[in-house]
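The values are calculated or read from the model by the stated rules, or taken from the named source; none is laboratory data. Computed from a prediction, not measured in an experiment: that's the story for all the values here. Every residue, glycine as well, gets a Cβ built from its backbone with ideal geometry; the counts of neighbours run over all protein chains shown. With ligands, DNA and RNA removed, areas are computed over all heavy atoms of the protein, side chains included. Shrake-Rupley method; radii C 1.70, N 1.55, O 1.52, S 1.80 Å.
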Amino acid sequence: MALSGLQIQKLLPGTNCKECGSSTCMAFAMKLAAKKAMLSECPYASDEAKQVLGAASEPPVKGVKIGSQTISALGEETVMYRHEKTFVNKPVIAINMDEGSDLSIAEKIKNYRPVRVGEELFIGAIAVTQKSSDKQGFADFCAAVYKKANLPLIIRANDIASLDKASMAVSGSKSVLCMSIMSAEESVEEAAKIAARDNQVLAVTAPDVDSIFNITTKLKEGGFNDLLIEFKTHSLCENFQTNSIARKAALKKNIKALGYAALKFINTGNEMEDTIAAVTEIDKFGGIVVLPGFDPAQLITLFTLRQNIYTDPQKPIQVEPKLYAIGEPDRKSPVFVTTNFSLTYFMVSGEVENSGISAWLIIPECEGFSVLTAWAAGKFSGASIAKFIKEIELEKQVDTREIVIPGYVAQISGELEENLSGFKVLVGPGEAADLESFIKNVLIKK
């Protein structure tokens with residue numbers, strides 16, 4: 001039975017330490033009751049509280065981790081929409097390799113790690129689909145792929161015997177076990193025993209949601225709960241609807257049997273439609289999204305979307321406030337200033353670097369806001385920038401006395417000059433994309 005906020009509050013330490021992020025223990029208790037916080041966020045919870053509140057406060061969507069070397073977390077979500085609190089764990093993007101595929105693909109998958117706004121992005125798993133009836137050959141291929149990529153596998157076998165051998169071949173890898181058809185309860189129970197033996201995760205599927213409900217309930221009662229669910233849907237609309245129904249049932253109705261991350265294999269036969277299907281999964285509650293092949297152009301698009309959605313809106317990605325060197329600047333190199341929002345920093349630094357010059361880039365503390373947002377919030381003013389420049393003792397590090405500010409905040413130029421005696425402020429372009437032209441046509445020709 002669900003506990004009220006008042007009942008939960010009586011089990012908390014009552015110190016009002018604020019270390020959980022709430023102003024009081026009562027406020028934290030109300031969040032626990034609403035499933036918008038986890039007991040682990042309280043550093044002083046007693047053993048009694050953990051025992052009583054453990055199950056009551058666990059996330060509506062069961063958390064699970066895949067991988068033993070490159071580890072990805074799934075589930076643990078507590079809200080339907082990001083603005084309610086935040087999304088917790090990003091969907092894992094995986095690539096399918098049919099049995100017998102060239103192993104060099106696994107190496108390409110392993111080495112594909114683009115960096116965007118300071119975050120290294122990577123493929124989280126490789127799905128291996130059985131194509132032959134050779135059980136040992138399939139197991140050997142799974143072992144070879146795992147050895148080559150060091151990524152968790154999604155082992156998609158045709159039968160229990162093949163699944164058994166393949167799982168044993170990569171035992172301890174924390175991979176995902178699934179079968180092309182796994183609706184018979186006896187097969188699922190046998191697969192769960194294999195997963196438990198080899199410390200793997202099990203994905204269950206069935207013809208309909210009710211059948212999945214029955215299977216996950218039975219497995220959990222039997223003591224195995226490292227589960228994913230794979231819905232057998234036949235259209236983009238049906239998949240969108242089913243994912244949404246399951247997430248709502250778990251979050252709003254506390255139906256634990258549907259509170260698991262979802263696994264989806266995508267292969268429409270059309271690359272554009274594959275991308276649309278993957279976008280829908282990332283947008284609406286997908287857990288693991290398996291693409292039919294390795295395509296860097298498709299992947300970077302999906303990575304960018306996922307990064308944008310799963311960046312906490314209350315905690316923008318930001319870089320450390322300090323003076324950055326772009327290239328190999330000397331004391332006479334030009335000086336630019338912008339905010340510490342990561343995307344802004346990387347766009348500005350990239351455009352300056354592309355111009356072919358070396359320069360200094362001042363990044364004051366702006367709480368991760370973009371230029372206009374920081375200015376509107378009073379975090380990027382002439383006075384605050386001048387204060388930061390004095391703190392880092394810029395005048396001792398450079399001989400130049402010109403500073404370029406973003407064009408969108410041209411109005412702070414006078415205030416900055418007033419607060420920074422001896423410096424002249426130049427107003428740069430509003431868009432980072434115009435910096436290269438500004439540098440070549442204005443700065444260098446001066």
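From the list Ala359, Ala325, which residue is surrounded by fewer than 21 Cβ atoms within 10 Å (Cβ to Cβ) and not basic (Lys, Arg)? The unique qualifying residue is Ala325. Looking across segment 328-346, the residues that are open to solvent by 10 Å² or more (accessible area, probe 1.4 Å), under 23 Å from Val442 (Cα atoms) and of a type outside the set (Ser, Thr, Tyr) come down to Glu328, Pro329, Asp330, Arg331, Lys332, Pro334, Phe346.
Scanning segment 362-388 for residues being free of Cβ contacts under 8 Å to residues at least 40 places away in the same chain, farther than 24 Å from Lys440 by Cα and of a type in the set (A, V, I, L, M) gives a total of 6.
Taking the conditions (1) among the small types (Gly, Ala, Ser); (2) at pLDDT 95 or above; (3) surrounded by 15 or more Cβ atoms within 10 Å (Cβ to Cβ) in turn, Ser349 satisfies each one other than (2). The condition of being open to solvent by less than 40 Å² (accessible area, probe 1.4 Å), of a type in the set (Gly, Ala, Ser) and in contact with a helix residue (DSSP H, G or I) (Cβ under 9 Å, 6 or more places away or on another chain) does not hold for Ser171. Among residues that are open to solvent by less than 30 Å² (accessible area, probe 1.4 Å), aliphatic (A, V, I, L, M) and at pLDDT 95 or above, Ile212 is not included. Every condition in (1) open to solvent by less than 50 Å² (accessible area, probe 1.4 Å); (2) modelled with pLDDT under 90; (3) farther than 30 Å from Val128 by Cβ holds for Cys25 except the one numbered (2). For the residues Asp330, Asp295, Asp312, the requirement of being touching a Ser or Thr at 6+ places or on another chain (Cβ under 6 Å) and of a type outside the set (Ser, Thr, Tyr) singles out Asp312.
Close contacts from segment 233-245, counting a first residue that is surrounded by 14 or more Cβ atoms within 10 Å (Cβ to Cβ) and a second that is of a type in the set (Phe, Trp, Tyr), with Cβ to Cβ under 6 Å and a gap of 6+ residues or different chains, come to Thr242/Phe231; Asn243/Phe285. Restricted to strands (runs of 3 or more DSSP E) entirely inside segment 261-340, those with at least 3 residues that are within 27 Å of Lys108 (Cβ to Cβ), within 18 Å of the chain's Cα centre (by Cα) and of a type in the set (A, V, I, L, M) are 288-291. Just one of the listed residues (Thr242, Thr205, Thr233) is at pLDDT below 95 and assigned to a loop (DSSP other than H, G, I, E, B), and it is Thr233. Screening segment 351-382 for residues that are within 18 Å of Tyr408 (Cβ to Cβ) and of a type in the set (Gly, Ala, Ser) and picking the one that is farthest from the chain's Cα centre (by Cα) gives Gly382. The residues on offer are Ser22, Ser68, and the sole one that is in contact with a helix residue (DSSP H, G or I) (Cβ under 7 Å, 6 or more places away or on another chain) and hydroxyl-bearing (Ser, Thr, Tyr) is Ser22.
Within segment 46-53, identify whether any single residue is at pLDDT 90 or above and of a type in the set (Val, Ile, Thr), and answer yes or no. There is no residue in segment 46-53 that is at pLDDT 90 or above and of a type in the set (Val, Ile, Thr).
Residue count for segment 89-121 under the criterion of being touching a Ser or Thr at 6+ places or on another chain (Cβ under 7 Å), open to solvent by 10 Å² or more (accessible area, probe 1.4 Å) and of a type in the set (A, V, I, L, M): the result is 1. Counting only residues that are within 14 Å of Leu103 (Cβ to Cβ) and touching a residue at least 40 places away in the same chain (Cβ under 8 Å), segment 127-154 holds 7 of them.
Is it the case that Lys248 is open to solvent by 10 Å² or more (accessible area, probe 1.4 Å) and either in a helix (DSSP H, G or I) or hydrophobic (A, V, I, L, M, F, W, C) (or both)? The answer is yes for Lys248.
Output the residue which, of all residues in segment 28-44 that are assigned to a helix (DSSP H, G or I) and among the charged types (D, E, K, R), is least open to solvent (accessible area, probe 1.4 Å).
The selected residue is Glu41.
Inspect segment 122-137 for any residue being open to solvent by 10 Å² or more (accessible area, probe 1.4 Å) and within 30 Å of Phe341 (Cα to Cα) and give the result as yes or no. Yes; the residues of segment 122-137 include at least one that is open to solvent by 10 Å² or more (accessible area, probe 1.4 Å) and within 30 Å of Phe341 (Cα to Cα).
Ile255 meets each of the listed conditions (1) surrounded by 21 or more Cβ atoms within 10 Å (Cβ to Cβ); (2) at pLDDT below 95; (3) among the hydrophobic types (A, V, I, L, M, F, W, C) apart from (1).
For Gln9, the test of being open to solvent by 50 Å² or more (accessible area, probe 1.4 Å), in contact with a helix residue (DSSP H, G or I) (Cβ under 6 Å, 6 or more places away or on another chain) and without any contact (Cβ under 8 Å) to a residue 40 or more places away in the chain is passed.
Yes or no: Ser4 more than 23 Å from Gly259 (Cβ to Cβ) and either modelled with pLDDT of 80 or more or open to solvent by less than 60 Å² (accessible area, probe 1.4 Å) (or both)?
Taking the combined requirement at face value, the residue does not satisfy it.
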